Amino acid sequence: MIVELGHFALILALGVALIQMVVPLVGAHKGWRGWMELAAPAATTQFLLIAFSFVAVTWAFLASDFSVQLVYANSHSAKPWLYKISGVWGNHEGSLLLWILILAGFGAAAGWFGQNLPLPLKARVLAIQSSVGVAFLLFILLTSNPFLRLDVAPMDGRDLNPLLQDPGLAFHPPFLYLGYVGLSMAFSFAVAALIEGKVDAAWARWVRPWTLAAWIFLTIGIALGSWWAYYELGWGGFWFWDPVENASFMPWLLAAALLHSAIVVEKREALKSWTILLAILAFGFSLLGTFIVRSGIITSVHAFATDPTRGVFILAILAFFTGGALTLYAARASAMEAKGVFGVVSREAGLVLNNILLAVSAFVVFVGTLWPLVAEMILGRTLSVGPPFFEAAFTPFMVVLAIVLPVGSLLAWKRGDLSRSLRVLLPALLLAFAVAALAWTLSTGRSILAPVGAALAVWIIAGAAVDLWQRTGRSGASRLLRLPRADWGKAVAHAGLGITMLGISLLMAWQEEDIRTAQLGQSFDVGAYTLTLNAVDDVPGPNYRSLMGDVTVMRNGREVARLHPEKRFYPVAAMPTTEAAIDNGVLRDVYVVLGDPQQDGGYAIRTYVKPFANWIWGGSILMALGGVLSLSDRRLRVAAGAAKAPRGAVVAAE
């Protein structure tokens, strides 16, 4: 009965979403206050109804109700409860329901925290947000119903994909969806501004917190996915430029550009058209990621659906919202006249260059991701675009971005002094060269990636520190802790980017790899470590059987770790998985993978020594923390102070 009530609640949510889409929009056009005020309670009602539907599906998974088709296909009675819950979104229908829940949640949050928004703008934003909800509610109810029952309830389920039965991947999709869907708020604000013909400093201040929150969630979601791939798949990498990885990375790049562009609108009343365009494209690329995952055009552990008709439905949603917004943008572009004027050497110009680099790098990833599909459909050729292409085409833009980022942060608004900024950054530059020389000394005769990456990373980190110190003025350290949280957030996020770049460059340049067949009791050396395969045992798990190794890691005659790599087999899914064993450290990881048994009685063993691996995710955490610090600044909370912003600099619609 709970499942049927959940289905009914979802249908009711569609009705409420239709009302929220139409009534406030008409009210804003006619100036009818009562109709506009309906938007916020409708958004809350829609969210509560969808939340009830989501709880109903979750209850069916926890109760192992195998009469529900979705539970039967993605769960099993012996599965741990955490993976019963994550099984809700470990499939197409459930993940789409989570997508819609988050979409409605952002709309409700805008209604709760947007009290200072002008009522017509608030009504239009919530109506546009609801229009996206209507499209996806129709999609789920017509093509992807999670509440379907089976005529005869099976005794047990078919289990969840074993690769998804992992804590990292249990939390990765919700964070990623919070980022994906969070960009819908920036999209709704952009379209509402286009309808009104108003883009000013107050609008930029309203849109920035939503974009920043989405960027934070995307950062965490991407980092969790990378971390999961690193330790779960057993291949030793952290990023493979998989189409679905790229689908999340492109909106992240555009959201970062949107954040910096909105700053210029807020501070200088410039880059209005560019900011609106970035808001549309960022959400458009989020919809593109949804299409890639659910259309069946790729085969991936990330892909949920193989039904082409669903892909056509999503493609229609993508074309309608992105195409419609871009058409409206073209019609209204002349109304978004920039008021602020700035010189070639200024912080505004630095932010423009930053945005161009981020946008072009996103376009490079876009081309590399979709070109094989286009070539196969149009040219009939099967092409493979792998890591070498992305590393060669994407890296130069990141190198230039790393070089200009500290300089741009120190330039003054409107007209800056480049020579003064460079003088201030001289200690950072010297430190970067010193670290590069040290890296070159340690890796002489090997890849130049280590010294170049180390220099750029230290340049960014030291530049962020110098920028923070410069903001204290003559007060020095006494004012440091009293600086606005947004200043600290920017410095921490930039430093996090530098740390991630340092981890990537040093890991790729200095990692050591060993692949061999090892007999029981045999010792072998990898770098500075001696490993011994002590035993391999058959160990039962809750819903799998494991072939578990026992490996001792020694250094200089001293035991530093005891690792237990596994080969698991899930009988219900009839699928094996590889579980790497990792001795994590601040400066290195020792990474061991157990392979298949060999005819001579030994086992295949793959070992890596990965320097600075954890700095990659440590830097990502710092980037997200920087975003949280900025978001906690009272000046950047939703509509904080915006009502007091000058209303004179408003561009009227033609």
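The values are calculated or read from the model by the stated rules, or taken from the named source; none is laboratory data. As the structure is a computational prediction, the values presented were derived from the model and not from experiment. Every residue, glycine as well, gets a Cβ built from its backbone with ideal geometry; the counts of neighbours run over all protein chains shown.
Brief remarks follow.
- Residue check for TRP469: assigned by TED's automatic domain parsing to the domain that holds ALA491, among the hydrophobic types (A, V, I, L, M, F, W, C) and under 19 Å from HIS260 (Cβ atoms): no
- Selection from region 547-564 of residues that are polar (S, T, N, Q) and over 38 Å from the mean Cα position of the chain (by Cα): ASN556
- The numbered conditions (1) closer than 17 Å to ILE102 by Cα; (2) touching a strand residue (DSSP E or B) at 6+ places or on another chain (Cβ under 9 Å); (3) surrounded by fewer than 23 Cβ atoms within 10 Å (Cβ to Cβ) are all true for PHE139 except (2).
- Within the span defined as region 530-548, one or more residues are in a strand (DSSP E or B), without any contact (Cβ under 8 Å) to a residue 40 or more places away in the chain and in contact with a Phe, Trp or Tyr (Cβ under 7 Å, 6 or more places away or on another chain).
- Some residue of region 219-232 being among the charged types (D, E, K, R), more than 11 Å from the chain's Cα centre (by Cα) and within 24 Å of VAL628 (Cα to Cα): no
- Residues of region 330-389 satisfying the condition of being in contact (Cβ under 8 Å) with a residue 60 or more places away in the chain, outside any helix (DSSP H, G or I) and not aliphatic (A, V, I, L, M): GLU337, LYS339, GLY340, PHE342, GLY343, SER346, GLY386
- Residue selected from region 475-494 under the condition within 24 Å of LEU430 (Cα to Cα) and surrounded by fewer than 16 Cβ atoms within 10 Å (Cβ to Cβ), by the criterion modelled with the highest pLDDT: LEU480
- Being touching a His at 6+ places or on another chain (Cβ under 6 Å) and buried (at least 22 other Cβ atoms within 10 Å of the Cβ) is a description that applies to LEU224.
- Options THR532, THR500: the member that is under 20 Å from THR395 (Cα atoms), modelled with pLDDT of 95 or more and surrounded by 16 or more Cβ atoms within 10 Å (Cβ to Cβ): THR500
- Subset of region 192-239 [part of a helix (DSSP H, G or I) and small (Gly, Ala, Ser)]: ALA192, ALA193, ALA201, ALA202, ALA204, ALA213, ALA214, GLY221, ALA223, GLY225, SER226, ALA229
- Region 39-74, subset out of contact with any Leu (no Cβ under 9 Å at 6 or more places or on another chain) and more than 26 Å from GLY90 (Cα to Cα), residue surrounded by the fewest Cβ atoms within 10 Å (Cβ to Cβ): PRO41
- TRP203 being of a type in the set (Phe, Trp, Tyr), surrounded by fewer than 21 Cβ atoms within 10 Å (Cβ to Cβ) and touching a helix residue (DSSP H, G or I) at 6+ places or on another chain (Cβ under 6 Å): no
- Test for LEU507: is it surrounded by 19 or more Cβ atoms within 10 Å (Cβ to Cβ) and either assigned by TED's automatic domain parsing to the domain that holds VAL593 or at pLDDT below 90 (or both): no
- Cβ-Cβ distances below 6 Å connect the following pairs, each with a first residue in region 601-630 that is in contact (Cβ under 8 Å) with a residue 60 or more places away in the chain and closer than 22 Å to ALA535 by Cβ, a second residue that is part of a strand (DSSP E or B) and of a type in the set (S, T, N, Q), and a separation of six or more residues or different chains: GLY602/THR517; ALA604/THR517.
- Among the residues of region 581-624, those that are part of a loop (DSSP other than H, G, I, E, B) and among the small types (Gly, Ala, Ser) comprise GLY585, GLY601, GLY602.
- Residue count for region 233-246, restricted to those that are closer than 16 Å to ASN614 by Cβ and touching a residue at least 12 places away in the same chain (Cβ under 8 Å): 3
- In region 420-439, the residues that are in contact with a Pro (Cβ under 8 Å, 6 or more places away or on another chain) and either free of Cβ contacts under 8 Å to residues at least 12 places away in the same chain or closer than 15 Å to VAL466 by Cβ (or both): LEU425, ALA428
- The single condition from (1) in a helix (DSSP H, G or I); (2) of a type outside the set (A, V, I, L, M); (3) over 22 Å from ALA495 (Cα atoms) that LYS414 fails is (1).
- Taking each residue of region 193-205 that is farther than 19 Å from VAL26 by Cβ and in contact (Cβ under 8 Å) with a residue 24 or more places away in the chain and looking for partners that are of a type in the set (Phe, Trp, Tyr) and part of a helix (DSSP H, G or I) with beta-carbon atoms closer than 8 Å, six or more apart or interchain, yields TRP203/PHE189.
- Considering the conditions (1) modelled with pLDDT of 95 or more; (2) outside the structural domain of GLY453 (by TED's automatic domain parsing); (3) β-branched (Val, Ile, Thr), VAL539 is excluded by exactly one of them, (1).
- Candidates in region 122-151 are the residues that are more than 28 Å from the chain's Cα centre (by Cα) and among the aliphatic types (A, V, I, L, M); of these, the one that is nearest to GLY34 (Cα to Cα) is ALA123.
- Pair list, Cβ < 8 Å and 6+ apart or interchain, from region 458-469 residues that are free of Cβ contacts under 8 Å to residues at least 60 places away in the same chain to residues that are of a type in the set (Asp, Glu) and surrounded by fewer than 24 Cβ atoms within 10 Å (Cβ to Cβ): LEU468/ASP487
- Residue, surrounded by the most Cβ atoms within 10 Å (Cβ to Cβ), within region 270-296, restricted to residues that are at pLDDT below 90 and touching a Pro at 6+ places or on another chain (Cβ under 6 Å): ILE292
- Filter result for ILE100 (in a helix (DSSP H, G or I), surrounded by fewer than 24 Cβ atoms within 10 Å (Cβ to Cβ) and of a type in the set (Val, Ile, Thr)): no
- Whichever residue in region 39-76 is outside any helix (DSSP H, G or I) and touching a residue at least 40 places away in the same chain (Cβ under 8 Å) and, among such residues, is nearest to the chain's Cα centre (by Cα): SER75
- For region 55-65, the condition of being closer than 19 Å to ARG158 by Cβ and of a type in the set (S, T, N, Q) holds for at least one residue.
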